[in-house]
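First the structure, in the form of structure tokens, and then the observations on it.
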Ligand code: ADP
Ligand code: MG
């Protein structure tokens, strides 16, 4: 059988086996292997490595697309010099993802624009690249979904916002919520407690959460679960969005 026929047959086998990257690079890899006298082993190794890398990239891209992340920014894009009071070491140590393996939580607190969402997104990105399931939502959105499930009599356990290894609940406390909604949110956190990780961002100090949750008993129970295995990162600084617009020294948001 001629080489061309064999290549055709290999190509159709690769298509059937869903190994498209190997099909794309096959002829090039054969040519260089012949030119450089590569061994069968390194030839096959190169082909398989490329296919694995391509599939891995596709997996990350697809997961990121369906994760609900509002933007994709890594920790490398975060300028720590802009936030000198932020404990860089503490943030960087989260990036090893131990907190997810240990089912712990992270809470980013601070005024608008200090980078809470950016830091939460960078954790999600890292987790996704490490093969963990991620889901991003705002508290308002999440409560809407929990309510829908509740009203339809569904437990909704199969949903990404319950079963992902890392769920980010952004903007907790931005919008006031009713008592029934509070209970749903409390139950959501209680269900994830010690089973999976949750990252929360909020512009409200914990002391203001009683008002948000109406009932001091609920807020105590809520914070008890949430804070038990958690890292709290309080960002006291200026809004990155307002940089350069508020004079050289910047303005502490608390002064506005
Ligand atoms: P927050 O969630 O605290 O309101 P964001 O994380 O949404 O703030 O930040 C607002 C914008 O500014 C985003 O585009 C974010 O990427 C950017 N940003 C915030 N802080 C920094 C920083 N220290 N370095 C680089 N970009 C930042
Ligand atoms: Mg935000």
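The values are calculated or read from the model by the stated rules, or taken from the named source; none is laboratory data. None of these values were measured; they are calculated from a predicted model. Methodologically, a virtual Cβ is constructed for each residue, glycine included, from the backbone with ideal geometry; neighbour enumeration extends over all protein chains shown.
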Of the numbered conditions (1) near ligand 1 (Cβ under 10 Å from one of its atoms); (2) assigned to a loop (DSSP other than H, G, I, E, B), residue 119 satisfies every one except a single condition; which is it?
(2)
Scan the range 98-116 and tell me whether some residue there is part of a helix (DSSP H, G or I), within 30 Å of residue 162 (Cα to Cα), within 16 Å of ligand 1 (Cβ to nearest atom) and touching a residue at least 60 places away in the same chain (Cβ under 8 Å).
yes
Being in contact with a strand residue (DSSP E or B) (Cβ under 8 Å, 6 or more places away or on another chain) and in contact (Cβ under 8 Å) with a residue 60 or more places away in the chain, is that true of even one residue in the range 56-63?
yes
When (1) surrounded by 11 or more Cβ atoms within 10 Å (Cβ to Cβ); (2) touching a residue at least 12 places away in the same chain (Cβ under 8 Å); (3) under 30 Å from residue 243 (Cα atoms) are applied to residue 84, the one that fails is (1)
Cross-chain or 6+ apart pairs with Cβ under 7 Å, the range 148-173 first and under 21 Å from residue 119 (Cβ atoms), then within 16 Å of ligand 1 (Cβ to nearest atom) and assigned to a loop (DSSP other than H, G, I, E, B):
173/203; 173/204
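Quick check: anything in the range 70-80 at positive phi, at pLDDT 95 or above, part of a loop (DSSP other than H, G, I, E, B) and within 13 Å of the chain's Cα centre (by Cα)?
no
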The residue that is nearest to residue 209 (Cα to Cα), considering only those in the range 111-129 that are within 16 Å of ligand 2 (Cβ to nearest atom) and surrounded by fewer than 23 Cβ atoms within 10 Å (Cβ to Cβ), is 111
Could you run through the range 174-207 and say how many residues are within 16 Å of ligand 1 (Cβ to nearest atom) and free of Cβ contacts under 8 Å to residues at least 60 places away in the same chain?
2
State whether one or more residues within the range 137-157 are touching a helix residue (DSSP H, G or I) at 6+ places or on another chain (Cβ under 8 Å), more than 16 Å from ligand 2 (Cβ to nearest atom), within 27 Å of residue 75 (Cβ to Cβ) and not in a loop (DSSP other than H, G, I, E, B).
no
Considering only the range 202-229, state which residues are surrounded by fewer than 17 Cβ atoms within 10 Å (Cβ to Cβ), in contact with a helix residue (DSSP H, G or I) (Cβ under 8 Å, 6 or more places away or on another chain) and within 14 Å of residue 182 (Cα to Cα).
210, 214, 215, 216, 221
